[in-house]
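What follows is a single structure, written as structure tokens, with notes after it.
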Amino acid sequence: MREWVSSVIVKYNFCPFARKEVENNCIHYQVSPSVTLDDAVMDMLEQCTELDHNEQRETTLLMFEQGFSDFDEFLDLVDLANALLVAQGFEGKYQIANFHPDYVFADSDETDAANYTNRAPYPTLHLIREASMSEALANYDEPESIPEHNIKLARRKGIDFWQQLLKICIDKG
């Protein structure tokens with residue numbers, strides 16, 4: 001995942017805020033052995049608590065190397081994780097972005113290269129400090145242009161390019 005963050009997210013500027021966090025070593029990478037929804041959301045809540053207690057951690061990538069390879073099952077996890085974020089009082093404090101090796105946007109075809117903006121080596125819940133994100137967005141000209149830029153870049157490079165790059169990241173892991 002570190003390779004993916006560096007070789008994809010930072011290098012192609014999919015997240016213009018990631019470079020700073022990589023350089024400051026503020027990203028926590030946590031592998032979860034969970035394969036059930038209940039265990040996975042408990043791991044997610046534990047990582048929220050860890051963020052509460054570790055101010056030097058800006059963000060956490062919670063990766064599921066063994067579970068949630070099915071994208072629809074992963075979407076169930078994302079829905080439950082978001083609901084529990086609210087129920088456990090973390091709403092407004094943390095938000096969840098998500099990545100998956102087979103990510104497909106709701107309005108997209110599986111072969112659309114734009115899906116690679118959210119494809120990663122492993123099913124991943126990305127826990128983000130909401131205050132930090134708000135601050136970063138406030139200091140970024142036209143933040144609404146970020147997804148549009150990413151989609152254009154992904155499509156310009158093409159699906160073969162992204163498939164190869166993702167494979168390289170997986171092989172290095």
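Under a 5 Å amide H to amide H cut-off, with H placed in plane at 1.01 Å, what residues pair with Asn98 once short-range neighbours are removed?
His126
How large is the accessible surface of Asp102 in square angstrom, using a 1.4 angstrom probe and rounding to the nearest 10?
Looks like 80 Å² after rounding.
Whole-Å semi-axes of the chain's equivalent ellipsoid, largest first, each the root of 5 times a Cα gyration tensor eigenvalue?
Equivalent ellipsoid of the chain: 24, 20, 16 Å, largest first.
If eta is 1.567 mPa s and T is 4 °C, what Stokes-Einstein diffusion coefficient results for segment 1-82, Kirkwood Rh from Cα pairs, in µm²/s?
Value of D from the Cα-based Kirkwood radius: 94 µm²/s.
Which of the lysines could be linked to Lys152 by a straight reach, that is with a Cα gap under 21 Å, when you skip same-chain ones fewer than 8 residues away?
Lys11
What percentage of the solvent-accessible surface of segment 132-173, computed with a 1.4 Å probe over protein heavy atoms, is contributed by carbon and sulfur atoms?
Its accessible area is 50 percent carbon and sulfur atoms.
With every protein chain left in place, what is the accessible area of His53 in Å² (1.4 Å probe, nearest 10)?
Using a 1.4 Å probe on the heavy atoms, I get roughly 140 Å².
Where a Cα-Cα gap under 14 Å defines reach, which aspartates and glutamates qualify for Lys20, not counting those fewer than 8 residues away within the same chain?
Reachable aspartates and glutamates: Glu58, Glu135.
Once amide H atoms are built 1.01 Å from N in the peptide plane, which residues 5 or more positions from Thr59, or in another chain, come under 5 Å H to H?
Residues meeting the criterion, in which the H sits 1.01 Å from N, are His28.
Carbon and sulfur together cover what percent of the accessible area of segment 1-117 at a 1.4 Å probe radius?
Working: 2680 of 5980 Å².
Roughly 45 percent, rounded to a whole number.
Please calculate how many Å² of accessible area segment 32-173 carries per residue, with a 1.4 Å probe and no DNA, RNA or ligand atoms counted.
In whole numbers, segment 32-173 has 54 Å² accessible per residue.
Can you list the aspartates and glutamates whose alpha carbon sits under 16 Å from that of Lys167, skipping same-chain ones fewer than 8 residues off?
Of all the aspartates and glutamates, those that pass the test against Lys167 - Cα under 16 Å, at least 8 places apart if same chain - are Glu3, Glu65, Asp102.
The values are calculated or read from the model by the stated rules, or taken from the named source; none is laboratory data. These figures come from a predicted structure and were not determined experimentally. Calculation scope for accessible area: heavy atoms of the full protein, side chains included, ligands and nucleic acids excluded. Shrake-Rupley method; radii C 1.70, N 1.55, O 1.52, S 1.80 Å.
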